[in-house]
Structures are given as structure tokens and as C-alpha cells.
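Working notes, structure below.
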Amino acid sequence: MMTKALYRDDFYLSTAEGVVTAIHEDGAIELDQTCFYATSGGQPGDTGFLERADGSRILLGQTRHGQTKETILHVPLDDQPKPEPGETLVLHVDWARRYRLMRMHTACHLLSVVCPYPITGAAVGEEESRVDFDMSETIDRQDVTDKLMQLVAENHPVFVQWITDEELIANPGIVKSKNVRPPIGLGRVSLVCIGQDLSVDSQPCGGTHVSETQEVGAIHIAKIEKKGKENRRFRIRFGTGAEDA
């Protein structure tokens with residue numbers, strides 16, 4: 001069945017109710033709707049727990065997609081109780097973890113503004129993220145950090161606009177990733193926009209983000225690595241960088 005992904009319309013939704021629609025052989029729990037983000041696009045899936053009517057908890061180790069992007073599976077840790085199909089559960093996202101990932105993912109978008117090169121890979125993490133660019137130029141790590149923090153301090157709004165699959169196909173230039181194309185087939189694609197009237201950035205992305213750049217907080221480029229003749233890997237970390245010295 002198709003899972004209604006509530007987080008697509010509200011990144012700050014950390015609790016919701018869902019009805020169990022299926023239990024898979026590996027124990028993964030399928031619900032009619034969820035506020036849990038499933039692993040995709042370099043961002044890890046949410047963790048947290050499902051609360052039963054008696055107050056007991058089913059602890060989750062990961063959230064992932066099923067055979068298609070339309071299905072979201074909640075995978076319990078080992079030795080957790082199994083709910084029954086038709087049972088109503090209260091979903092609780094590990095908010096502290098999710099919020100760090102939201103801040104980091106937004107920081108990756110800001111980096112793609114400061115470094116306007118095709119993206120060849122990315123991974124969002126709680127403590128460190130990486131973005132790989134198709135570039136051969138030498139670039140100053142501190143200069144990139146300063147420009148990132150300027151965008152953070154300017155406190156630009158971050159919001160989502162929806163376009164149709166057809167609009168995306170007609171405007172391929174808005175896709176920054178060189179190797180991965182945004183998924184189509186659901187009828188609409190989310191654009192993550194930064195700045196009034198999209199003045200800072202706009203790119204297709206299905207991840208979760210903060211609502212204004214100031215929420216990202218202090219970030220810095222910890223390292224720039226050469227990964228081939230025309231590939232550079234940027235490592236983003238929270239903090240000012242003094243702790244890396």
C-alpha cells in the first residue's frame with residue numbers, strides 16, 4: 001500500500017498517529033501514514049519509537065523505503081514486540097537527531113550555492129556531511145566557510161514549492177546532481193527554495209530542512225579532499241572549526 005508521507009508537508013512534525021497495514025517477514029512495519037523520513041538522497045532515515053495503546057514501545061532502528069518510494073517501512077530493533085494489522089500506533093521521531101540532520105542537509109544546500117559546480121555525490125550525517133563536486137579548481141577552505149556563515153547569518157527563509165514531473169523534465173537545469181536524477185512518477189516533485197523569491201537557491205530535493213538559514217547554526221568546512229583529477233570532496237561539520245585544530 002501507499003504510505004502517506006506526512007513529513008513532506010511539515011518537516012517539524014515529530015509525532016503522529018498511524019494504522020498498521022502490514023507486517024513484513026523481516027519485521028518491518030508498514031503504516032497508512034507516517035512522520036518518519038525514509039533513507040533517501042543521502043539523508044539517513046529517522047529513528048525513534050512507536051507507542052502502543054497500553055503505553056509500551058516498539059523501538060525503531062531505521063526507516064527505509066519498500067519496493068517503491070510509495071511505501072515506507074519502519075524497522076524495529078531486535079527483540080521488539082510486534083503490533084497487529086489494524087492497530088493504531090502513536091509515532092515518535094527522535095527529534096534531536098532529526099533536527100541535526102535537517103540543519104546539516106540545509107547546510108549542504110548552502111554549500112552548493114557557495115560552490116556552484118555539478119554535484120557528484122553527497123551524504124548527510126549527524127556530525128559531519130560530505131558533498132562531492134565535479135571541479136578541478138583550488139578553493140580556500142576558510143573562504144568557503146566565511147561565505148557559508150554569511151548565508152546563515154542573513155537568515156534567509158527556507159521553504160518548499162511543488163512542481164509537476166513535466167515541469168521538472170522541461171527544466172533540467174535546476175538539477176544540480178550530475179549522477180542522480182530526482183525521482184519522478186508520483187506526479188509532483190518538491191523544490192527546496194532558499195531566499196525570498198528563490199533569490200538564493202532552488203533545487204529538487206525530497207529531504208527535510210529547517211525553515212530559515214539561521215537555524216543551521218555554526219558550521220565550517222573541516223577538509224577539502226582531492227578525489228580524482230576533477231573531483232573535490234568537501235566535509236562539513238558543526239561548530240567554528242576551533243575544535244578541529
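I'd like to check something: does segment 3-17 contain any residue that is over 30 Å from GLU212 (Cα atoms) and in a loop (DSSP other than H, G, I, E, B)? Scanning segment 3-17, I find no residue that is over 30 Å from GLU212 (Cα atoms) and in a loop (DSSP other than H, G, I, E, B), so the answer is no. Every test in (1) in contact with a Ser or Thr (Cβ under 6 Å, 6 or more places away or on another chain); (2) over 19 Å from MET104 (Cα atoms); (3) crowded, with 20+ Cβ neighbours inside 10 Å is passed by ILE29 save one, and that test is (1). Taking segment 40-121 as the region of interest, the strands (runs of 3 or more DSSP E) fully inside it that hold 2 or more residues being closer than 15 Å to PHE11 by Cα are 88-93. In segment 165-175, is there at least one residue being assigned to a loop (DSSP other than H, G, I, E, B), touching an Asp or Glu at 6+ places or on another chain (Cβ under 7 Å) and among the aliphatic types (A, V, I, L, M)? The answer is no, given that none of the residues of segment 165-175 is assigned to a loop (DSSP other than H, G, I, E, B), touching an Asp or Glu at 6+ places or on another chain (Cβ under 7 Å) and among the aliphatic types (A, V, I, L, M). Considered as a group, the residues in segment 114-141 that are touching a residue at least 40 places away in the same chain (Cβ under 8 Å) and among the polar types (S, T, N, Q) include one that is surrounded by the fewest Cβ atoms within 10 Å (Cβ to Cβ), and that residue is SER136. CYS193 falls short on exactly one of the conditions (1) modelled with pLDDT under 90; (2) buried (at least 16 other Cβ atoms within 10 Å of the Cβ), and that condition is (1). Screening HIS209, HIS220 for residues that are in contact with a helix residue (DSSP H, G or I) (Cβ under 6 Å, 6 or more places away or on another chain), farther than 20 Å from PRO44 by Cα, at pLDDT 95 or above and not hydrophobic (A, V, I, L, M, F, W, C) leaves exactly one candidate, HIS220. Candidates GLU70, GLU84: the one that is touching a residue at least 60 places away in the same chain (Cβ under 8 Å), surrounded by fewer than 17 Cβ atoms within 10 Å (Cβ to Cβ) and within 27 Å of CYS193 (Cβ to Cβ) is GLU70. Number of residues in segment 1-20 that are under 15 Å from ARG98 (Cα atoms) and among the basic types (Lys, Arg) equals 1.
Here is a yes/no grid of residues against (1) within 20 Å of VAL131 (Cα to Cα); (2) under 19 Å from the mean Cα position of the chain (by Cα); (3) surrounded by 14 or more Cβ atoms within 10 Å (Cβ to Cβ); (4) modelled with pLDDT of 90 or more:
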{"site": "GLN161", "(1), (2), (3), (4)": "no, yes, no, yes"}
{"site": "THR164", "(1), (2), (3), (4)": "no, no, no, no"}
{"site": "ILE169", "(1), (2), (3), (4)": "no, no, no, no"}
{"site": "GLY185", "(1), (2), (3), (4)": "no, no, no, no"}
{"site": "SER199", "(1), (2), (3), (4)": "no, no, no, yes"}
{"site": "GLY228", "(1), (2), (3), (4)": "yes, no, no, no"}
{"site": "ARG232", "(1), (2), (3), (4)": "yes, no, yes, yes"}
{"site": "ILE236", "(1), (2), (3), (4)": "yes, yes, yes, yes"}
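The values are calculated or read from the model by the stated rules, or taken from the named source; none is laboratory data. In this text the structure is predicted, and so the values were computed from the model without any measurement. Every residue, glycine among them, receives a Cβ derived from its backbone with ideal geometry; neighbour counts consider all protein chains shown.
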